[in-house]
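Step one of this worksheet: look at the structure below.
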Amino acid sequence: MSILKAALMATMLIPTIAGAAPPDFSKWANKELDKNGVTDARVVETRYPFSFTYCRKDSMTLWRYDVMSAEHLEAIREGRIAKPLTVAQRTVAVENGSSACKVGS
């Protein structure tokens, strides 16, 4: 479990230490969407390995896909195991008529 904690912390600290822009995890996000049958999406922002936001083609709704919930993060901190989220629980509409989705359409 401590290896996972170290990996998560390193993922967050490397861009700060290097003084560079954070890495682009859009490939990872697109793979997650493809696994769930969403092939018409454009990734807007990623927060690897926790979540990302995306817009679907011809839609102005900004969606968030949660890979790890707040419950999962708390369980990791406490060394417990949390029940995985269902696909339906992972996807949440964040904003209708989002300006982020207007840019790409």
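The values are calculated or read from the model by the stated rules, or taken from the named source; none is laboratory data. Note that this is a predicted model, so its numbers are computed, not measured. Note that each Cβ is placed from the backbone with ideal geometry, even for glycine, and that neighbours are counted across all protein chains shown. Areas reflect the complete protein model, heavy atoms only, side chains present, ligands, DNA and RNA absent. Shrake-Rupley method; radii C 1.70, N 1.55, O 1.52, S 1.80 Å.
For a quick check of your reading of the model, give me the residue pairs whose first member lies in the range 30-55 and is under 21 Å from residue 72 (Cα atoms), whose second is assigned to a loop (DSSP other than H, G, I, E, B), with beta-carbon atoms closer than 7 Å and at least 6 apart or on different chains.
Filtered contacts from the range 30-55: 32/67; 46/25; 48/25; 49/67; 49/68; 50/67; 50/68; 51/67.
Can you name every residue in the range 35-75 that is within 18 Å of residue 87 (Cβ to Cβ), surrounded by 15 or more Cβ atoms within 10 Å (Cβ to Cβ) and of a type in the set (D, E, K, R)?
Matches in the range 35-75: 56, 64, 66.
With the condition kept exactly as written, say whether any residue in the range 49-59 is among the hydrophobic types (A, V, I, L, M, F, W, C) and at pLDDT below 90.
yes
With the requirement that a residue be open to solvent by 50 Å² or more (accessible area, probe 1.4 Å), closer than 14 Å to residue 63 by Cβ and in contact (Cβ under 8 Å) with a residue 40 or more places away in the chain, what does the range 77-103 give you?
Hits for the range 77-103 are 87, 94.
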